[in-house]
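Asks: Can you keep this structure in mind? I'll have questions shortly.
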């Protein structure tokens with residue numbers, strides 16, 4: 001909702017109230033929203049799991065500490081969309097980044113052994 005309001009404000013100022021695809025693209029670029037709808041908070045969250053916690057599983061409390069974010073914000077704002085687009089999974093052991101998240105962020109998937117464990 002926050003992004004929608006900021007994009008609306010941008011269009012009202014820059015487009016004199018006329019909504020165009022170009023203005024929406026400019027607004028999303030200004031807000032640092034990528035082509036699938038991730039903002040900087042989403043990317044920080046995913047990179048935390050992938051780069052600092054080897055792709056997971058990792059608990060939400062640990063992620064919150066790693067990215068200096070409130071647990072409530074993570075659970076209510078960041079995770080729902082990442083779950084919806086298939087970039088994370090919630091498991092009994094914690095959050096895990098999916099291969100789709102690695103691909104989107106252009107990060108190579110870790111190699112796995114025959115037993116399925118990461119090297």
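The values are calculated or read from the model by the stated rules, or taken from the named source; none is laboratory data. Everything numeric here is computed off the predicted structure, so don't read it as measured data. Cβ: placed from backbone, ideal geometry, glycine included. Neighbour counts: every protein chain shown.
Asks: For residue 92, work out the one condition from (1) within 24 Å of residue 3 (Cα to Cα); (2) surrounded by fewer than 12 Cβ atoms within 10 Å (Cβ to Cβ) it doesn't fulfil.
Replies: The failed condition is (1).
Asks: Next up: Identify, please: which residue in the range 1-24 is in contact (Cβ under 8 Å) with a residue 24 or more places away in the chain and surrounded by fewer than 16 Cβ atoms within 10 Å (Cβ to Cβ) and is, among those, farthest from residue 101 (Cα to Cα)?
Replies: Within the range 1-24, the match that is farthest from residue 101 (Cα to Cα) is 6.
Asks: Mind checking which helices (runs of 4 or more DSSP H) fall wholly inside the range 25-119 and carry at least 3 residues that are without any contact (Cβ under 8 Å) to a residue 12 or more places away in the chain and within 12 Å of the chain's Cα centre (by Cα)?
Replies: Helices (runs of 4 or more DSSP H) meeting the threshold: 79-84.
Residues checked against (1) modelled with pLDDT of 80 or more; (2) closer than 17 Å to residue 77 by Cα; (3) in the same structural domain as residue 100 (by TED's automatic domain parsing):
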{"site": "5", "(1), (2), (3)": "no, yes, no"}
{"site": "11", "(1), (2), (3)": "no, no, no"}
{"site": "21", "(1), (2), (3)": "yes, no, no"}
{"site": "25", "(1), (2), (3)": "yes, no, no"}
{"site": "44", "(1), (2), (3)": "yes, yes, yes"}
{"site": "54", "(1), (2), (3)": "yes, no, yes"}
{"site": "57", "(1), (2), (3)": "yes, no, yes"}
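Asks: Then there's this: Look at residue 57 and say whether it is loosely packed, with under 14 Cβ neighbours inside 10 Å, touching a strand residue (DSSP E or B) at 6+ places or on another chain (Cβ under 9 Å) and more than 24 Å from residue 4 (Cα to Cα).
Replies: no
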